[in-house]
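**Q** Got a structure here, written out as structure tokens. Questions coming.
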Amino acid sequence: MELLKKFMTAVEKTNIFIGKMMVVLTLVAVAVITFEVVMRYVFGKPTNWGHELMTLLFAIQYMFVAGYCHYHRAHVRVDVFYSTRKLRTKAFLDLFTSIFYFLFNGVLLWTCWTFYWSSQTMHGGGTFLGLTIPGELSLTDWAPPYYPVKFMMPLGALMLLLQGIVWWIRDLHIAITGREMT
């Protein structure tokens with residue numbers, strides 16, 4: 001039981017850390033897009049990297065923050081029905097709906113992994129120190145690699161899955177005992 005609690009704590013602390021990192025990433029993305037807008041409309045000299053970097057930063061945030069969101073149970077649910085129920089009933093409802101959650105998350109994880117892997121194994125023509133590096137590159141002049149950003153998608157889906165497992169364990173405990181795990 002102690003090992004299970006350590007696993008659950010590790011997953012939750014990791015998702016909290018990721019959530020805090022994503023706040024910083026958001027501030028960086030806002031700074032980049034602000035710089036791009038000023039350069040474009042004030043000085044008439046748009047950059048070729050600003051908009052693309054902002055898009056890549058927000059793409060990382062979009063998938064990577066899912067586990068943090070689920071840690072706070074901030075995803076959509078029908079609160080009109082759910083919020084008026086007792087703790088044990090909520091746990092039974094969550095256990096039932098977790099079937100759909102895990103099905104969705106399995107498909108999400110598989111799809112994200114194949115999306116990333118196809119990007120990683122693509123021959124984009126990048127070189128570093130004279131060595132050819134496999135992986136998808138942007139088609140812009142700046143040509144940043146896409147595969148590191150696309151790797152955040154399956155990683156984010158994995159963190160969402162792990163957080164779902166933690167909530168499933170907590171809900172199972174409540175359904176069986178009628179009280180929350182301590």
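**Q** Step through the residues of segment 94-109 one at a time and calculate ³J(HN,Hα) from phi using the Karplus curve (6.51 cos²θ - 1.76 cosθ + 1.60, θ = phi - 60°), rounding each to whole Hz and writing x for Gly and Pro.
**A** Here the 3J(HN,Hα) series is 5, 5, 5, 6, 5, 4, 5, 4, 5, 5, 4, 5, x, 5, 4, 4 Hz.
**Q** Taking the beta-carbon count within 10 Å as an exposure proxy, list D141, D94 from fewest neighbours to most.
**A** The order, fewest Cβ neighbours first, is D141, D94.
**Q** Using modelled amide H (1.01 Å from N, peptide plane; none on Pro or chain starts), what sits under 5 Å from the amide H of G135, excluding residues fewer than 5 places away?
**A** Counting only residues 5 or more places away or on other chains, the set is M122, H123, G124, G125.
**Q** Going by how many other beta carbons lie within 10 Å of each one, how would you line up W142, W113, W167, fewest first?
**A** Arranged by neighbour count, lowest to highest, W142, W113, W167 become W142, W113, W167.
**Q** Go through (i) 1.43; (ii) 1.09; (iii) 0.93 and flag the label whose value is the computed Rg/Rh (Cα atoms, Kirkwood Rh) for this structure.
**A** The calculated read-out lines up with (ii).
**Q** Cα-Cα over 27 Å: which of K5/K86; K45/K150; K20/K45; K20/K150; K5/K150; K20/K86?
**A** Result: K45/K150; K20/K45; K5/K150; K20/K86 exceed 27 Å.
**Q** Starting with the fewest neighbours, write out T26, T84 ranked by other beta-carbon atoms found within 10 Å of each beta-carbon.
**A** Going from sparsest to densest Cβ surroundings: T84, T26.
**Q** For segment 2-177, calculate the relative contact order in percent as a whole number, restricting contacts to Cα pairs under 8 Å that are 6 or more residues apart.
**A** Value for segment 2-177: 28 percent.
**Q** I want to verify a result. In a Gaussian network model of the chain, Cα cutoff 10 Å, which of these has the top mean-square fluctuation: G126, G164, G19?
**A** Of G126, G164, G19, the most mobile in the Gaussian network model is G126.
Each value in this text was obtained by applying a stated rule to the coordinates, not by laboratory testing. None of these values were measured; they are calculated from a predicted model. Neighbour counts are summed over all protein chains in view; Cβ atoms, including those assigned to glycine, are modelled from backbone coordinates with ideal geometry.
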